[in-house]
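Taken together, the values in this text are just the output of simple stated rules run on the coordinates, not laboratory data. Just so we're clear, the structure is a prediction, and the values are computed from it rather than from any experiment. Backbone-built Cβ (ideal geometry, glycine too); neighbour counts: all protein chains shown.
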Amino acid sequence: MSVLVYTESEQGKFKKVALEVASYAKAVANQLGTTVTAVTINASDASILGNYGVDKVLNVTNEQLDAFNAKAYADVIKQAAEKEDAKVVIVSSSADSKYLAPLLAVGLHAGYATNVIEAPSSTSPFTVKRTAFTNKAFNITTINTDVKLVAVSNNSFGLVENSGSASAEDFAPAIPEFGVHVQSVDKASDKVSIADAEIVVSAGRGLKGPENWGMIEELADVLGAATACSKPVSDLGWRPHSEHVGQTGKPVAANLYIAIGISGAIQHLAGINASKVKVVINTDPEAPFFKAADYGVVGDAFEVVPALIEKLKAFKAQQ
Amino acid sequence: MKILVCISHVPDTTSKINFTEGDTKFDTNGVQFVINPNDEFGLTRAMWFKEKQGASVTVVNVGGPETEPTLRKALAIGADEAIRVNTEAIDGFAVAKQLSKVIEDGGYDLVIAGRESIDYNGGMVPGMIAGLTNANFVNNCISLEVEGTNATAIREIDGGKETVTTSLPLVIGGQKGLVEESDLRIPNMRGIMMARKKPLQVVEPIATEAETSSIKFEKPAPKGAVTLVSPDNLDELVNLLHNEAKVI
């Protein structure tokens, strides 16, 4: 009976969230006095997982699974959980994992807790802390079923290195009929995605037009950050909807969220509340965002942002 | 085409979030409840199917009598009929089981649910009802076309979007993009009057056990005041982010 963790990869390479959920699985396994088994799908080198507490890796290699398919991936993870007799299964809060996890919960008859931000406070009963009310509160939840499914909120637990090494085993599960078929994918492969990013640089209507986003992208480049935007900006078509952060857009749980020219409507704040440190740059000292921020600069974005880019470049050069 | 739209009855975005009974229950005092925003996009898309392709639209909710005004609002927007499963929505899995029974009894071709509700944010109900009813499932859906029994959908993925094809019966987890926000409908007086006459069926729940239990709620610690940095001293901001916040 081990803890099973699904470690996501993209084009063979593990996502950062995979290492985070592996770290979380190790913490749970320590509490239960058991080991961690990871299941990977078309990942090229799983040995790194040993550094994050994984004892054994089930490697699935199958061309049919090159493109993500929620039903098939859920079925593969279910078969891995059954093979390992796993009583706790851990996934991330990426868009893909949140897509497959409800199907997996049904398949395993597992109680499912989402947006979990800490290791369990107790394993009997299995009790976790999760965010609720769009990050305006926390909910302490117990999972009552024999098999438990936990989705860990991105950037909540962090990476915890271990000195162990993982054994590897090839695993060839049965693949179900897909039902949903991918026709095309439209994705900027060279950009950091909001879900994976530790730092997000976001801008609003204060930027005055899409032609002014060059400095936002440059600031994001310097920080290795993802770019995002407020709702009016995506509604105006200045930036794609996939960058819209907020209640009806994407949630952001970054370590650092920099908001430039965004006043801080309640729906926007709901989407970024889970971020740890918030910096606001705005000309209006009365902007509501300053009440939610940790650090603020009252000033013109067109002057502050280029100057900040230069300061950060100098800082990076010294590191 | 028979469409079922799942409607969550949720506190308005601007609501103050408080708890009662030793922080075990959400305090509804003074709270305005609304149709969950993600469900509202789905409901409007269902109206489009009804008007352009001749579909019937049923809305459903799991909850007590206090949720009926939200269902009536959906009827006023144009749904044909409503079903309320008469039980408290105790956890996502239990809600999904109740909804799956409604789906099986009604033989719906297309089920539209919001990708998540803005109260518990679980995002699990659409996928669970797909799993329980053995229907195809597309999550984070931002576009949906149906022709005969075939469907083409676009879904948002991390960093982009993906076009998929599938077939009915289908469950989608919908969100903004299914329709534009400017296309969302506000009930007019005629719609409100007609909604009073439309059927709102109350069905008793099936027996389920809660897979999860809410023990209590906590609120985040109060946040300290913002530290303001002069635009002429951005070295200080870099220093604070590096040495104090330790995020760069």
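Here are the numbers:
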{"quantity": "For segment B:78-188: rounded, prolate or oblate by the Cα gyration tensor [a/c cutoff 1.5]", "calculated": "rounded"}
{"quantity": "Taking chain A and dividing mean pair separation by its residue count, relative contact order in percent (alpha carbons under 8 Å, at least six apart)", "calculated": "14 percent"}
{"quantity": "Charge tally in the Cβ shell below 15 Å around A:Pro120, where Lys, Arg are +1 and Asp, Glu are -1, A:Pro120 excluded", "calculated": "+4"}
{"quantity": "Cα gyration tensor category, rounded, prolate or oblate, for chain A with a/c compared to 1.5", "calculated": "prolate"}
{"quantity": "Counted charge near B:Ile192, where neighbours are those whose Cβ lies closer than 9 Å (Asp, Glu -1; Lys, Arg +1)", "calculated": "+4"}
{"quantity": "For segment A:4-123, alpha-carbon Rg over 2.2 N^0.38 Å", "calculated": "0.96"}
{"quantity": "Debye intensity ratio in log₁₀ form over the Cα atoms of segment A:5-50, taken at each q of 0.25, 0.30 Å⁻¹", "calculated": "-0.83, -1.09"}
{"quantity": "Span-like helix ranges in chain B, DSSP H, alpha carbon extent 18 angstrom or more, Kyte mean at least 0.0", "calculated": "B:92-106"}
{"quantity": "Where Rh is the Kirkwood radius over Cα pairs, Rg/Rh for the protein assembly as shown", "calculated": "0.96"}
{"quantity": "Convex hull per residue volume in Å³, alpha carbons only, for segment A:143-220", "calculated": "301 Å³"}
{"quantity": "Helical segments meeting 24 Å axial Cα length and Kyte-Doolittle -1.0 threshold in chain A (DSSP H)", "calculated": "A:16-32, A:301-318"}
{"quantity": "Backbone HN-Hα couplings from phi across segment A:255-264 [Karplus 6.51/-1.76/1.60, Hz, Gly and Pro as x]", "calculated": "6, 9, 10, 10, 10, 10, x, 10, 6, x"}
{"quantity": "Ranking of B:Asp91, B:Asp39, A:Asp294, B:Asp23 by count of other Cβ atoms within 10 Å, fewest first", "calculated": "B:Asp23, A:Asp294, B:Asp91, B:Asp39"}
{"quantity": "In segment A:216-302, the GluC sites (Glu not before Pro) that fall in loop regions by DSSP, at most 12 other Cβ within 10 Å", "calculated": "A:Glu286"}
{"quantity": "Shape of segment A:195-237, Cα gyration tensor, a/c cut at 1.5", "calculated": "oblate"}
{"quantity": "Cα-Cα pairs of segment A:178-288 separated by more than 22 Å (percent)", "calculated": "28 percent"}
